[in-house]
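Novice: This is the structure I want to talk about, given as structure tokens.
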There are 2 protein chains.
Amino acid sequence: MSNPSLPISFADISAAAARLQGVAHRTPVHTSSTANARAGAELFFKCENFQRMGAFKFRGGYNALAQFSPEQRKAGAIAFSSGNHAQAIALSAKLLGMQSVIVMPKDAPEAKIRATREYGAEVILFDRYTQDREALGKQIATERGMTLIPPYNHAHVMAGQGTAGLELIEEVGTLDILLICMGGGGLTSGCAVAAKHLLPQCDVYGVEPLAGNDFQQSFRSGQLVKIDVPRTIADGAQTQSPGNLTYAVCKALLKDVLTVDDHALVNTMRFFAERMKMVIEPTGGLAAAAAMLGDSEGKLDVKGKRVGIIVSGGNVDPAYYAQLLRDGV
Amino acid sequence: MSNPSLPISFADISAAAARLQGVAHRTPVHTSSTANARAGAELFFKCENFQRMGAFKFRGGYNALAQFSPEQRKAGAIAFSSGNHAQAIALSAKLLGMQSVIVMPKDAPEAKIRATREYGAEVILFDRYTQDREALGKQIATERGMTLIPPYNHAHVMAGQGTAGLELIEEVGTLDILLICMGGGGLTSGCAVAAKHLLPQCDVYGVEPLAGNDFQQSFRSGQLVKIDVPRTIADGAQTQSPGNLTYAVCKALLKDVLTVDDHALVNTMRFFAERMKMVIEPTGGLAAAAAMLGDSEGKLDVKGKRVGIIVSGGNVDPAYYAQLLRDGV
């Protein structure tokens with residue numbers, strides 16, 4: 001099953017997998033008999049929290065930068081991000097021997113700024129109340145000839161993220177359902193292309209935070225919907241609108257877009273800590289929460305099914321993590 | 001290299017590995033470039049926190065119960081424990097279709113009592129201020145004809161624990177140093193036998209809590225030393241004295257017994273949460289702390305070496321875990 005009108009194909013994901021071979025971690029798939037008992041299903045957790053820099057984002061960032069022309073390599077890459085995409089571009093650039101600039105708000109957490117610098121990036125801070133990020137970025141990109149890599153709406157990024165889904169299916173075989181944590185839709189679109197190619201009968205779902213359901217609204221209405229910046233602990237999924245490329249893939253391949261609320265995310269984080277001995281970030285629990293606790297609308301039925309779950313990342317400040325475990329939201 | 005005077009041999013560990021095949025998880029070996037950079041060494045973490053019931057103890061418990069005679073199976077197993085050994089025996093008995101009784105102090109954490117019952121054991125509570133545990137256990141064992149399985153000083157238990165070391169070496173190949181979390185010495189003795197057989201040049205160390213260095217004192221003095229119940233957050237290593245069997249193996253095969261203090265354990269737990277996205281219990285960080293932060297005496301030098309580290313378990317109450325991450329000790 002291949003759709004030539006879509007921005008990425010299964011061949012793009014295979015090519016990305018070859019580029020990432022020996023560079024990205026082939027992350028493990030964990031299972032838990034307790035989780036299975038609670039869900040009444042067979043759950044397979046693809047653990048991208050164990051990916052390099054702590055999230056799946058490394059796959060897409062590296063896949064994009066590895067395809068730069070010699071001229072692009074010379075000038076380097078630029079990204080706007082205070083999250084996992086920043087570290088993904090910084091680390092990928094370092095590994096490929098090129099420069100990177102990450103533009104971050106100057107009130108971003110000190111730990112994230114430091115971590116991005118430790119990966120070798122030049123961090124340029126801006127004041128989000130007085131400066132226009134887009135204009136600043138364009139100015140730097142133009143002055144230095146750098147290539148801007150967006151966090152999700154980019155074919156090479158999407159294809160790279162899809163390798164997580166590819167690896168999961170290579171390891172566990174057939175799945176009835178695949179659940180994917182969804183922000184801008186980069187991971188979801190890449191994994192959907194891999195899954196629908198290898199397992200055409202598999203139902204693929206994106207899972208968003210309830211408060212930030214821009215993709216669900218868009219998917220169901222058939223047009224790109226823009227929302228206000230959502231208030232949710234899932235900081236990696238605070239997108240306001242799908243990208244046009246990620247939307248095109250998801251509209252064509254997903255069964256539906258589901259949501260879970262912040263309480264379900266905290267309970268899922270606690271379950272992972274207590275039973276699976278894993279630290280996950282709030283966004284990283286979206287898909288697992290839908291499988292184990294159900295989605296907000298009660299639409300998903302996993303009973304008796306083989307269910308693949310992408311756990312997207314584990315980058316969370318330890319003090320904040322401790323607070324969430326102890327006090328909830 | 002095989003020493004016929006020792007209570008277990010490499011053949012016992014191979015046989016245990018065959019028994020555990022398809023029953024125990026073959027736990028992953030994780031690496032971290034950040035950890036390597038900090039230690040100036042190449043570190044390989046064998047993640048027994050991802051083992052069934054959350055700790056290596058399942059290996060030894062199952063290996064012991066799987067060797068019961070038909071008569072023993074009929075009557076079942078009994079253990080004294082409020083920790084990981086309790087859950088190991090309970091789960092192993094359940095999988096082998098036999099009954100188990102776990103004798104626990106009645107002021108043990110409610111969560112541990114519940115977890116042990118969930119694994120199918122009959123939990124018998126006693127008052128540690130008025131009742132003699134040994135007498136109670138003997139009475140139950142005699143009345144019901146049950147076989148008592150001690151937590152570490154038992155050849156089948158020791159051989160089972162050794163499979164963790166065997167798997168690590170099978171996966172990563174040669175090691176210059178192997179560091180093992182040490183309580184009663186079951187894990188350490190089993191892994192030492194595996195390591196010294198496969199890699200005679202490898203220096204093998206047990207790592208104890210500084211406050212509970214009964215094994216270090218015994219190892220260095222050449223006789224079994226008994227200490228008061230140690231005050232340490234490493235609740236899995238609060239043994240007062242080595243067992244005679246574990247001591248015999250460790251005395252013959254270890255390079256030395258090292259110690260780390262509770263502050264190093266908390267810092268190691270934080271590093272695992274922040275960088276490796278793993279929950280480990282305090283005891284589970286003993287070996288990793290020695291590698292990354294150094295031992296209390298400054299004797300260990302890992303620079304430039306290939307270092308195997310057994311991460312022994314991840315069973316820690318989430319609220320207490322959150323408190324340790326936030327406030328330390």
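The values are calculated or read from the model by the stated rules, or taken from the named source; none is laboratory data. Just so it is clear, the model here is predicted, and its values are computed rather than measured. Positions of Cβ are backbone-derived with ideal geometry, glycine not excepted, and every protein chain shown enters the neighbour counts. Ligands, DNA and RNA are stripped out before the accessible areas are found, and what is left, the full protein with its side chains, is counted by its heavy atoms. Shrake-Rupley method; radii C 1.70, N 1.55, O 1.52, S 1.80 Å.
Novice: Find the helices (runs of 4 or more DSSP H) located wholly in segment B:25-78 whose residues include 3 or more that are more than 22 Å from B:Leu293 (Cβ to Cβ) and not assigned by TED's automatic domain parsing to the domain that holds B:Asp317, and list them.
Specialist: The qualifying helices (runs of 4 or more DSSP H) are B:57-65, B:70-75.
Novice: For segment B:230-251, state whether one or more residues are open to solvent by less than 10 Å² (accessible area, probe 1.4 Å), without any contact (Cβ under 8 Å) to a residue 60 or more places away in the chain, touching a helix residue (DSSP H, G or I) at 6+ places or on another chain (Cβ under 6 Å) and part of a helix (DSSP H, G or I).
Specialist: Yes, segment B:230-251 contains a residue that is open to solvent by less than 10 Å² (accessible area, probe 1.4 Å), without any contact (Cβ under 8 Å) to a residue 60 or more places away in the chain, touching a helix residue (DSSP H, G or I) at 6+ places or on another chain (Cβ under 6 Å) and part of a helix (DSSP H, G or I).
Novice: Mind checking whether some residue in segment A:69-81 is away from every other protein chain (no Cβ under 14 Å) and among the β-branched types (Val, Ile, Thr)?
Specialist: yes
Novice: Any chance you could count how many residues in segment B:277-329 are within 13 Å of the chain's Cα centre (by Cα), in a helix (DSSP H, G or I) and more than 14 Å from chain A (Cβ to nearest Cβ)?
Specialist: Here the count works out to 2.
Novice: Just checking, does segment A:35-55 include any residue being farther than 22 Å from A:Glu167 by Cα and within 14 Å of chain B (Cβ to nearest Cβ)?
Specialist: Checking segment A:35-55: at least one residue is farther than 22 Å from A:Glu167 by Cα and within 14 Å of chain B (Cβ to nearest Cβ).
Novice: Filter segment B:2-34 for residues that are free of Cβ contacts under 8 Å to residues at least 40 places away in the same chain and within 14 Å of chain A (Cβ to nearest Cβ); which is nearest to B:Gly97 (Cα to Cα)?
Specialist: Once the filter is applied, the top-ranked residue is B:Gly22.
Novice: Please determine whether any residue of segment B:254-264 is open to solvent by 50 Å² or more (accessible area, probe 1.4 Å), within 14 Å of chain A (Cβ to nearest Cβ) and not in a strand (DSSP E or B).
Specialist: No, because not a single residue in segment B:254-264 is open to solvent by 50 Å² or more (accessible area, probe 1.4 Å), within 14 Å of chain A (Cβ to nearest Cβ) and not in a strand (DSSP E or B).
Novice: Given the criterion closer than 30 Å to B:Ile280 by Cα and among the hydroxyl-bearing types (Ser, Thr, Tyr), identify the matching residue among A:Thr259, A:Thr268, A:Thr239.
Specialist: So the residue among A:Thr259, A:Thr268, A:Thr239 that is closer than 30 Å to B:Ile280 by Cα and among the hydroxyl-bearing types (Ser, Thr, Tyr) is A:Thr268.
Novice: Tell me the residue from B:Arg38, B:Arg73 that is farther than 17 Å from B:His154 by Cα and modelled with pLDDT under 95, please.
Specialist: Among B:Arg38, B:Arg73, only B:Arg38 is farther than 17 Å from B:His154 by Cα and modelled with pLDDT under 95.
Novice: Please indicate, with yes or no, whether at least one residue in segment A:70-86 is surrounded by 13 or more Cβ atoms within 10 Å (Cβ to Cβ), closer than 19 Å to B:Thr34 by Cα and among the aliphatic types (A, V, I, L, M).
Specialist: The answer is yes, given that some residue of segment A:70-86 is surrounded by 13 or more Cβ atoms within 10 Å (Cβ to Cβ), closer than 19 Å to B:Thr34 by Cα and among the aliphatic types (A, V, I, L, M).
Novice: If you check A:Gly304, A:Gly294, A:Gly313, which single one turns out to be modelled with pLDDT of 95 or more, within 21 Å of A:Ala195 (Cβ to Cβ) and open to solvent by less than 30 Å² (accessible area, probe 1.4 Å)?
Specialist: Going through A:Gly304, A:Gly294, A:Gly313 in turn, the sole match is A:Gly313.
Novice: Right, another one. Considering only segment B:164-187, I want to know if a residue exists there that is open to solvent by less than 10 Å² (accessible area, probe 1.4 Å), polar (S, T, N, Q) and not assigned by TED's automatic domain parsing to the domain that holds B:Ala64.
Specialist: no
Novice: Kindly check whether there is at least one residue in segment A:202-210 that is under 15 Å from the mean Cα position of the chain (by Cα), within 20 Å of A:Ala55 (Cβ to Cβ) and part of a loop (DSSP other than H, G, I, E, B).
Specialist: Looking for residues that are under 15 Å from the mean Cα position of the chain (by Cα), within 20 Å of A:Ala55 (Cβ to Cβ) and part of a loop (DSSP other than H, G, I, E, B), one finds none in segment A:202-210, hence no.
Novice: Applying the selection to segment A:265-275, what residues are open to solvent by less than 10 Å² (accessible area, probe 1.4 Å) and within 13 Å of chain B (Cβ to nearest Cβ)?
Specialist: Within segment A:265-275, A:Val266, A:Thr268, A:Met269, A:Phe272, A:Ala273 qualify.
Novice: Tally time: how many residues in segment B:1-24 are in a helix (DSSP H, G or I) and within 17 Å of the chain's Cα centre (by Cα)?
Specialist: Within segment B:1-24, residues that are in a helix (DSSP H, G or I) and within 17 Å of the chain's Cα centre (by Cα) number 4.
Novice: Is there a residue being surrounded by fewer than 24 Cβ atoms within 10 Å (Cβ to Cβ) and without any contact (Cβ under 8 Å) to a residue 40 or more places away in the chain anywhere in segment A:277-290?
Specialist: Within segment A:277-290, none of the residues are surrounded by fewer than 24 Cβ atoms within 10 Å (Cβ to Cβ) and without any contact (Cβ under 8 Å) to a residue 40 or more places away in the chain.
Novice: Looking at A:Val207, A:Val193, A:Val157, A:Val123, which is the one that is in contact with a Lys or Arg (Cβ under 8 Å, 6 or more places away or on another chain) and of a type in the set (Val, Ile, Thr)?
Specialist: Selected residue: A:Val123, the only one of A:Val207, A:Val193, A:Val157, A:Val123 that is in contact with a Lys or Arg (Cβ under 8 Å, 6 or more places away or on another chain) and of a type in the set (Val, Ile, Thr).
Novice: Quickly run through segment A:124-140 and pick out the residues that are in contact (Cβ under 8 Å) with a residue 24 or more places away in the chain, open to solvent by less than 80 Å² (accessible area, probe 1.4 Å) and under 25 Å from the mean Cα position of the chain (by Cα).
Specialist: A:Gly137
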